[in-house]
1. Taking the conditions exactly as written (touching a helix residue (DSSP H, G or I) at 6+ places or on another chain (Cβ under 7 Å), in a helix (DSSP H, G or I), without any contact (Cβ under 8 Å) to a residue 12 or more places away in the chain and surrounded by 13 or more Cβ atoms within 10 Å (Cβ to Cβ)), does Trp32 satisfy them or not?
2. In the list Leu348, Leu356, Leu295, which residue meets the criterion of being surrounded by 15 or more Cβ atoms within 10 Å (Cβ to Cβ), in contact (Cβ under 8 Å) with a residue 12 or more places away in the chain and within 30 Å of Thr254 (Cα to Cα)?
3. Among the residues of region 255-288, write down those that are among the aromatic types (Phe, Trp, Tyr) and at pLDDT 95 or above.
4. Answer yes if at least one residue in region 49-72 is out of contact with any Ser or Thr (no Cβ under 7 Å at 6 or more places or on another chain), more than 30 Å from Leu178 (Cβ to Cβ) and assigned by TED's automatic domain parsing to the domain that holds Pro169, and no otherwise.
5. Looking at region 210-246 only, could you name the residues that are modelled with pLDDT under 95 and either of a type in the set (Lys, Arg) or within 23 Å of Trp120 (Cα to Cα) (or both)?
6. Those residues that are farther than 15 Å from Lys265 by Cβ, in contact (Cβ under 8 Å) with a residue 12 or more places away in the chain and of a type in the set (D, E, K, R), I need them from region 1-29; list them, please.
Amino acid sequence: MGLIKPKLPDLDYDEWRTKSRMERVKPMVQDWAVNGFGPPESVYVLYVLKLFLYALGIAWVTSLTPGISTLSHIGDWWTEPILLQKAVVFTVLFEVIGLGCGFGPLTLKFLPPLGSSLYWLRPGTIRLPPWPDKVPGTKGSTRTLLDVGLYAGVLASAAWLLFSPGTRPGLAGTSAGLIDPVRTVPLLATLGLLGLRDKTIFLAARAEVYLPFIVAFAFPPVDMIVSWKLTMMVIWWGAATSKINHHFGHVIETMESNSPLVRIKAFKRLMHRDAVHDVRPSRLAVFLGHAGTVLEFAIPLALFLSGGGLPTKVAAVGMLVFHLHILSTLPMGAPFEWNVFMIYGIFLLFVHNTALGLGDLIHPLPVLALAGAMEAIVLLGNFFPE
């Protein structure tokens, strides 16, 4: 594998093209078992650069907020909750434009490296309404000017929210304030309406992950912090719940085989029963999948309940390693920004604001209702995926 040259399977491609589909697939799968996707090294450099620009973009936009110092003094203001507010909105905008998950060669998009906004700003392209027979005014599969207008409204309202000042009092000990929750209404409304006409855009915005954070902008500062903690808990537990199945071992073997940092082919072969004759997941891969699932349930719970001190720090390091490992494998599908976002949330919410918990809630019912609604959606999706 070179900087611009991919690592291709060692085949006679003229002969390979004459074979049946299964005969063509077999050597490709065998090659993946030890070489992964095999893109040029420059592809990985592209993703690392994109991730750096994502984090830099959040910090730069936040540094423009009144009450926040310059970017060079980020060490003085990284604990301001408005930074997480801006990070949430920036991430939604980043994702819904098409620069986040689903971007680039690791998602089989080459030139151009994204679709998303290139399609969603064009009338006549395909849309997928979630409930066309149940929600009036959503039937049809062709994008109209209304859909384009709603999508443009999502982009504009997210940008407006992103550059909002902190006009609302924040937590004690902070200076930049918080975003006025009224400013979230245009984004929530346009994205909600657009989601009823095209579920693809709603999911591309990672709305199920980030919208609960934005809804919590309306809570008092302490309640907002606790709500964000609960939201992260539900995200972790929801992700862990999705791994309780019979196929997650296949995910582990594929992800580890594709890791650009793991260059020892002998280790990659350990992920398979037999890297040549039986590429189903090995017992080790299945065990690692189950172990990761248990940790994704247990460590966040410890993080939430530990209340500070060494236990909190150990749990925080545990989740840091968890997310860094996912990032290090550069998995197909490219969910990189989410991992960076969660890492920042760990240190702001659970380490810096470790003292705030359920007992500090001023209005517990809306906070618990939001967390309960998120968990209910996860459960309903698992039991009734249709």
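1. So Trp32 fails the test.
2. Leu295
3. The answer is Phe287, and nothing else.
4. yes
5. Passing the criteria: only Lys243.
6. Scanning region 1-29 gives a single hit, Lys5.
Listed here are the residues, each with its yes/no results for (1) within 29 Å of Glu256 (Cα to Cα); (2) touching a Phe, Trp or Tyr at 6+ places or on another chain (Cβ under 9 Å); (3) basic (Lys, Arg).
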site: Ala315; (1), (2), (3): yes, yes, no
site: Val321; (1), (2), (3): yes, no, no
site: Leu327; (1), (2), (3): yes, yes, no
site: Pro331; (1), (2), (3): yes, no, no
site: Ala334; (1), (2), (3): yes, yes, no
site: Glu337; (1), (2), (3): yes, yes, no
site: Ile346; (1), (2), (3): yes, no, no
site: Thr354; (1), (2), (3): no, no, no
site: Gly357; (1), (2), (3): no, yes, no
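Every residue, every condition in (1) touching a Leu at 6+ places or on another chain (Cβ under 6 Å); (2) assigned by TED's automatic domain parsing to the domain that holds Tyr54; (3) aromatic (Phe, Trp, Tyr), yes or no:
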residue	(1), (2), (3)
Gly100	no, yes, no
Trp120	no, yes, yes
Gly166	yes, yes, no
Gly177	no, yes, no
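The values are calculated or read from the model by the stated rules, or taken from the named source; none is laboratory data. Model, not experiment: these values are computed from the prediction. Every residue, glycine among them, receives a Cβ derived from its backbone with ideal geometry; neighbour counts consider all protein chains shown.
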